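Step one of this worksheet: look at the structure below.
The values are calculated or read from the model by the stated rules, or taken from the named source; none is laboratory data. Nothing here was measured: the structure is a model prediction, and the numbers come from that model. Cβ: placed from backbone, ideal geometry, glycine included. Neighbour counts: every protein chain shown. SASA here: full protein model, heavy atoms, side chains in, ligands and nucleic acids out. Shrake-Rupley method; radii C 1.70, N 1.55, O 1.52, S 1.80 Å.
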Amino acid sequence: MTNKLNLVLCWHMHQPYYREGLDGAYQLPWVYLHGMKDYDDMAAHLENHPGMKAVVNFAPVLLEQLDDYAIQIEAFLDKGRKMPDQLLNLLGGAISIPTNISERRELIQTCRRAHAPRMIDPYPQYHALLQQFPGADKDAGQEMLLSYLDEQYFVDLLVWYHLAWCSHRLKQTPEIRYLIEKARNFSEEDRKVLLRVIQKTLASIIPRYRKLAEKEQIEISMTPWGHPIIPLLNDFNNMIETQPDAPMPEHAHYPGGEERSRWHLRYGMQQFEKFFGFKPKGVWLSEGGVSDDAVSLLDEMDVQWTASGEAVWHHSCLTSACNPDEMACRKALFIPYQLNDKKTRLFFRDDGLSDLIGFEYSKWHADDAVADFMGHLDRIAGSLGDSASEYVVSVILDGENAWEYYPNNGYYFLDALYAAISQSDTVQTTTFANACTATRTDTLSHLVAGSWVYGSFSTWIGSADKNHAWDLLAEAKTAFDKKIGTLKKADAEKALRLLAICEGSDWFWWFGDYNPSDSVNDFDRLFRLQLRTLYCQLNLTPPASLDTPISSGGGHMENAGTMRRN
């Protein structure tokens, strides 16, 4: 059948910059943990299903950290040089297991930061190691036990934590299977073997995706370098259409924001090309955050396509007087748009299908989930009839955060899904770049500014703590503008990158009482630390306001707050 419905599966890979400053210690381990679990498995699924096409989006700031981790671990294994990550140093024996009670408790809490039903409970020995310490309570019995525990307990716990974070692919390898079967009393050599596996895996990720792109099986796109919300950098007023009653930051605008947006786009493209050898055709603006001025910037840089969420499509179609009948049946969702005379195409996510993968199918049997997903696509194709090939369904979601809630890191679901799509008589996978010319298009007269989360920017601005963070950032940018001209070239370039780190979206994502306290505290502390580092790089004393936490959290968001359901 040649009249197949086009499907784009777009996997977004992103982690913020976790180092203190530009070259200090990594403060959180999520880059290498997701690297050895999710980025590895997602490449393996594509390698195992060569008929599948997909779009894989990388934030350049993530690529830099993946590359750095591979280099740092190799230097430790070959030369004994300490790594800039405390957890890896403990695993490798580069630093000693702590004897301090509070540090031991903190290490145990760190080694339980995983989705227990899928990553801890399936391994009896790992579960047993944590059973004596069910929470963060500090009762006298736990205090005594912590002081009596020998070093082997912590070695085994560290090894198990990293085994749990191994991808499904890695768990089939002889080295990892041996360690899982051994289960306890891991030796120094065992730890080195595990580190070598981690290093090789991290070093392979970028080349593997590059190879998939060179075979034209996938399209690789990018996000602006530091993952900033471009419409908010450009103009805080971009929040007003969808948050008309929300309070705004005290600063009327972010100083020089549009030029900062250009910097993130240009520098991101430069770094992207360094790793992949070509420039991206498409840009997934951070969090699908779009606006008229953001699309104008992409068009200025000859970007072929971008994408956002279904709510943005709905709001924009209403203001642009799109065909109401095609909107009602969602037919108008399945085409790319152009904003007036701009050449950059705009695709819009099917929120329902994307959220089924992100939040629901992890609770289903894989075969049932795949049958349900394919049923939805078949019904869409059927409703479009003989013109199905002129339309494209866009399924866009995180490529890293959903899989720990699935059995075996989503292996059974993704393997069955890719097989079903590859064999489908009604659906074919494609890329956004190819869909730009293969599908019908329509025009929008105005893009209602918003993101893929709720169709607004409320996740990043419009509440007291988020606005306060923006004001702290705007104050730092004002100081930056005054001092940057006084610095030597090398120091100025460091300050520029530090500023870009502080402009990332993740800090603002986590501020809010609805998010888990542990994550809020982590990102609050790191955001203020990065701002202090920026002031010091500018030869300025950091303001006292950075000594006070911005947000405290206390909520219990779905999937630990790493993703948002629409």
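Could you list all residues from region 1-18 that are open to solvent by 20 Å² or more (accessible area, probe 1.4 Å) and of a type outside the set (Ser, Thr, Tyr)?
Met1, Asn3, Lys4
Name the helices (runs of 4 or more DSSP H) wholly within region 217-317 that hold at least 3 residues that are more than 24 Å from Arg497 (Cβ to Cβ)? Please lay out each step first, then the result.
Values: elements: 230-234, 257-276, 292-300.
Helices (runs of 4 or more DSSP H) meeting the threshold: 292-300.
So, in region 186-216, how many residues would count as being part of a helix (DSSP H, G or I) and open to solvent by 50 Å² or more (accessible area, probe 1.4 Å)?
Taking region 186-216 first, the residues part of a helix (DSSP H, G or I) are 188-214.
Filter once more, keeping what is open to solvent by 50 Å² or more (accessible area, probe 1.4 Å): 188-189, 192, 196, 200, 207, 210-211, 214.
Total satisfying the criteria: 9.
If you check Trp403, Trp364, which single one turns out to be among the aromatic types (Phe, Trp, Tyr) and within 19 Å of the chain's Cα centre (by Cα)?
Numbers: Trp364 fails: within 19 Å of the chain's Cα centre (by Cα).
Of Trp403, Trp364, the one residue that is among the aromatic types (Phe, Trp, Tyr) and within 19 Å of the chain's Cα centre (by Cα) is Trp403.
List, please: which pairs have Cβ atoms under 7 Å, are six or more places apart or on different chains, and start with a residue in region 410-432 that is farther than 13 Å from Phe373 by Cβ and at pLDDT 95 or above and end with one that is open to solvent by less than 40 Å² (accessible area, probe 1.4 Å) and polar (S, T, N, Q)?
Correct list of pairs: Gln428/Asn6; Thr430/Asn6.
Rundown of residues vs (1) within 29 Å of Glu106 (Cα to Cα); (2) without any contact (Cβ under 8 Å) to a residue 40 or more places away in the chain, yes/no style:
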| site | (1), (2) |
| --- | --- |
| Leu22 | yes, no |
| Ala25 | yes, no |
| Pro29 | yes, no |
| His49 | no, no |
| Val55 | no, no |
| Pro60 | no, no |
| Lys82 | yes, yes |
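Of these, Ala402, Ala381, which one is surrounded by 20 or more Cβ atoms within 10 Å (Cβ to Cβ), farther than 23 Å from Asn57 by Cβ and at pLDDT 95 or above? Spell out the reasoning first.
Working: Ala402 fails: farther than 23 Å from Asn57 by Cβ.
Result of the check over Ala402, Ala381: Ala381.
What is the number of the single condition among (1) closer than 25 Å to Val395 by Cβ; (2) open to solvent by less than 40 Å² (accessible area, probe 1.4 Å); (3) more than 20 Å from the chain's Cα centre (by Cα); (4) not basic (Lys, Arg) that Ala307 does not meet?
Going through (1) closer than 25 Å to Val395 by Cβ; (2) open to solvent by less than 40 Å² (accessible area, probe 1.4 Å); (3) more than 20 Å from the chain's Cα centre (by Cα); (4) not basic (Lys, Arg) one by one, Ala307 breaks only (3).
Being acidic (Asp, Glu), assigned to a helix (DSSP H, G or I), closer than 25 Å to Pro60 by Cα and touching a residue at least 24 places away in the same chain (Cβ under 8 Å) narrows it down to one of Asp491, Asp518, so name that one. Outline the logic, then answer.
Working: Asp518 fails: closer than 25 Å to Pro60 by Cα.
None of the other options fit; the residue is Asp491.
Check every one of the strands (runs of 3 or more DSSP E) wholly within region 368-470 and list those with 3 or more residues that are within 16 Å of Lys4 (Cα to Cα).
Details: elements: 392-398, 427-429, 442-444.
Because the criterion is at least 3 residues that are within 16 Å of Lys4 (Cα to Cα), the strands (runs of 3 or more DSSP E) in region 368-470 that meet it are 392-398, 427-429.
Please work out which residue is modelled with the highest pLDDT, limiting yourself to region 88-119 and to residues that are open to solvent by 20 Å² or more (accessible area, probe 1.4 Å), of a type in the set (A, V, I, L, M) and assigned to a helix (DSSP H, G or I).
Here the residue is Ala116.
Right, Ile180: buried (at least 19 other Cβ atoms within 10 Å of the Cβ), within 22 Å of Tyr32 (Cα to Cα) and under 29 Å from the mean Cα position of the chain (by Cα) or not? Lay out the reasoning, then the answer.
Values: buried (at least 19 other Cβ atoms within 10 Å of the Cβ): no; within 22 Å of Tyr32 (Cα to Cα): yes; under 29 Å from the mean Cα position of the chain (by Cα): yes.
Answer is no for this residue.
Somewhere in region 31-41, is a residue touching a residue at least 60 places away in the same chain (Cβ under 8 Å), more than 25 Å from Phe527 (Cβ to Cβ) and either in a loop (DSSP other than H, G, I, E, B) or of a type in the set (Lys, Arg) (or both)?
Yes, because at least one residue in region 31-41 is touching a residue at least 60 places away in the same chain (Cβ under 8 Å), more than 25 Å from Phe527 (Cβ to Cβ) and either in a loop (DSSP other than H, G, I, E, B) or of a type in the set (Lys, Arg) (or both).
What pairs come up if the first residue lies in region 309-328 and is on the phi < 0 side of the Ramachandran plot, the second is acidic (Asp, Glu) and open to solvent by less than 60 Å² (accessible area, probe 1.4 Å), and their beta carbons are under 8 Å apart, counting only those six or more places apart or on different chains?
Correct list of pairs: Gly309/Asp351; Glu310/Asp350; Glu310/Asp351; Ala311/Asp351; Cys322/Asp442.
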